[in-house]
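Reviewing the structure listed below.
The values are calculated or read from the model by the stated rules, or taken from the named source; none is laboratory data. As the structure is a prediction and not an experimental result, all values here were calculated from the model. Here the Cβ is made from the backbone with ideal geometry for all residues, glycine too, and neighbour counts use every protein chain on show. Ligands, DNA and RNA are excluded from the accessible area calculation, which covers all protein heavy atoms including side chains. Shrake-Rupley method; radii C 1.70, N 1.55, O 1.52, S 1.80 Å.
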Amino acid sequence: MEKIYKRIFILTGAGISAESGIGTFRDANGLWNNHKVEDVATVEAFEKNPQYVHRFYNELKPNLLEAKPNLAHLCLTKLQEHYKGQVDIITQNVDVLHEKAGSKNIYHMHGKIDEAICLNCGHLLQSNDDVDMSTICPHCAMAGFMKPNIVFFGEMPLYMPEIEKKLRECDLFISIGTSGVVYPAAGFVHTAKYYGAYTIEFNLEKTSNNYLFDEHISGKCTETLPQFVEQLIAVQENMENENGY
Ligand SMILES: [Zn+2]
């Protein structure tokens, strides 16, 4: 791994937020904040009872917004600040912990808890307050069209063309705290590896698509990631010194 990478693709999942105390609907009982996934995270549920779905996200929002980034989030920011190559963060999480950690180039492929989208005009509303069917869109001035900017089951994840491009171009692919079972994210490593990237997985345990990774690092990412990031930065500095930059 003694090389300088030009483009680093970092995929983050629930595991990185879990260490900031954020649970997910993939926890053991299959519930999210005691709600069934099919009642609050599907297109059908929203069409049937939008107020109920809004209430769920309005209740979830303060918890997610209050959470604090952990050492794993912070060391990704450090990598972005100190590494000369491009470092992109593609997250499956809807919390804003990467933003709070000061990271940039963040792509929320499953949406973001502090945003709603107007289904009438497409306006993206950023709001830390409650949003529901009575919220008036600041762009088209209509009420009754706001949907949480959360990618529901049955919907296409966001930024897929950009993500595909980045997967083909990256030379280092890092997966952090993802289960490896939720598509399309679970397939990202295939694409990155096919186009020649070195692939590393950070997770509590080995995932089912573990064989696609060149390296697997087990453990809590707050414990494993800092050392790895320091090493990447150190390798870059050493090689630059050797080459007389
Ligand atoms: Zn609108």
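Here are a few things to note about the model shown:
- Complete set of residues in the range 157-180 that are touching a residue at least 24 places away in the same chain (Cβ under 8 Å) and either basic (Lys, Arg) or within 16 Å of the ligand (Cβ to nearest atom) (or both): LYS166, ARG168
- Strands (runs of 3 or more DSSP E) (entirely within the range 82-156) containing at least 1 residues that are over 16 Å from LEU65 (Cβ atoms) and within 14 Å of the ligand (Cβ to nearest atom): 111-118, 124-126, 146-150
- The residues of the range 54-70 include none that are under 10 Å from ILE16 (Cβ atoms) and either of a type in the set (Lys, Arg) or assigned to a helix (DSSP H, G or I) (or both).
- Test set (1) loosely packed, with under 13 Cβ neighbours inside 10 Å; (2) modelled with pLDDT of 95 or more - HIS139 fails condition number: (1)
- Residue match in the range 151-159 (condition: over 13 Å from the mean Cα position of the chain (by Cα), within 30 Å of GLU240 (Cβ to Cβ) and of a type outside the set (A, V, I, L, M)): no
- Members of the range 47-68 that are touching a Phe, Trp or Tyr at 6+ places or on another chain (Cβ under 9 Å) and of a type in the set (A, V, I, L, M): VAL53, LEU60
- LYS84 being charged (D, E, K, R), at pLDDT 95 or above and open to solvent by 10 Å² or more (accessible area, probe 1.4 Å): no
- Output for the range 78-93, where each listed residue is farther than 15 Å from ILE176 by Cα and not aromatic (Phe, Trp, Tyr): LYS78, GLN80, GLU81, HIS82, LYS84, GLY85, GLN86
- The range 157-188: number of residues that are touching a Pro at 6+ places or on another chain (Cβ under 8 Å) and part of a strand (DSSP E or B): 0
- Residues in the range 177-213 that are under 13 Å from ILE8 (Cα atoms) and aliphatic (A, V, I, L, M) were compared, and the one that is surrounded by the fewest Cβ atoms within 10 Å (Cβ to Cβ) is ILE200.
- Count - residues of the range 31-76 that are touching a residue at least 24 places away in the same chain (Cβ under 8 Å), of a type in the set (Lys, Arg) and out of contact with any Ser or Thr (no Cβ under 8 Å at 6 or more places or on another chain): 2
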